[in-house]
1. Just to be sure, is ALA20 closer than 17 Å to PRO77 by Cα and either of a type in the set (Gly, Ala, Ser) or open to solvent by 70 Å² or more (accessible area, probe 1.4 Å) (or both)?
2. Among the residues of segment 42-58, write down those that are surrounded by fewer than 16 Cβ atoms within 10 Å (Cβ to Cβ) and either acidic (Asp, Glu) or more than 18 Å from ALA96 (Cα to Cα) (or both).
3. Take GLY58 and decide whether it is free of Cβ contacts under 8 Å to residues at least 12 places away in the same chain and either touching a Lys or Arg at 6+ places or on another chain (Cβ under 8 Å) or within 19 Å of GLY6 (Cβ to Cβ) (or both).
4. Among the residues of segment 30-59, write down those that are charged (D, E, K, R) and at pLDDT below 95.
5. Please specify each residue of segment 33-42 satisfying the condition of being within 16 Å of the chain's Cα centre (by Cα) and farther than 15 Å from PRO77 by Cβ.
6. Is at least one residue of segment 99-111 over 14 Å from the mean Cα position of the chain (by Cα), in contact (Cβ under 8 Å) with a residue 12 or more places away in the chain and open to solvent by 50 Å² or more (accessible area, probe 1.4 Å)?
7. What number of residues within segment 58-109 satisfy the criterion of being assigned to a strand (DSSP E or B) and either out of contact with any helix residue (DSSP H, G or I) (no Cβ under 7 Å at 6 or more places or on another chain) or under 19 Å from ALA33 (Cβ atoms) (or both)?
8. Test each condition in (1) open to solvent by 30 Å² or more (accessible area, probe 1.4 Å); (2) under 14 Å from the mean Cα position of the chain (by Cα) for THR85 and report the one that comes out false.
Amino acid sequence: MIVGIGVDLVDIPRFERSIARTPRLIERLFTPAERTLKPHSLAARYAAKEALIKALGGSDGVHWTDIEVGSEPGGRPVFALAGETDATVASRGITALHLSLSHDAGLATAYVVAETLSEPADHGDRA
């Protein structure tokens, strides 16, 4: 069952200006492995992390450097979660995160779907 969806769009030139103005953002937002990537790839990963936060319904218990965006051998993007972020996702019963990335024409975008195997408890909130 889908329990969250998140999408984010990043203007790559604006993102590049932000990192040039504040180089410490790289250390605050990205894991050591991600820091070696080109700006357009970093922008897509930033969008992925923002989209994940949206799919989770907020940033409580989520830390930027606990989230790494990597690729499977075939190229499919995937999240590798660590620390408190991994625990937060697990505590919410999320069993799968699906991620799609794209960058073109100066924009990077990410789309995240969070799934769980169980139905959420019905609290009588439906009309």
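The values are calculated or read from the model by the stated rules, or taken from the named source; none is laboratory data. Remember, predicted model here, so these are calculated numbers, not experimental data. As a convention, Cβ positions derive from the backbone with ideal geometry for all residues, glycine included, and neighbour counts pool all protein chains shown. Surface areas here come from the heavy atoms of the whole protein model, side chains and all, with no ligands, DNA or RNA. Shrake-Rupley method; radii C 1.70, N 1.55, O 1.52, S 1.80 Å.
1. In short, no.
2. Scanning segment 42-58 gives no hits.
3. In short, yes.
4. Hit for segment 30-59 is LYS38, nothing else.
5. ARG35
6. The answer is yes; a qualifying residue exists.
7. Number satisfying all stated conditions: 20.
8. So THR85 meets the others, but not (1).
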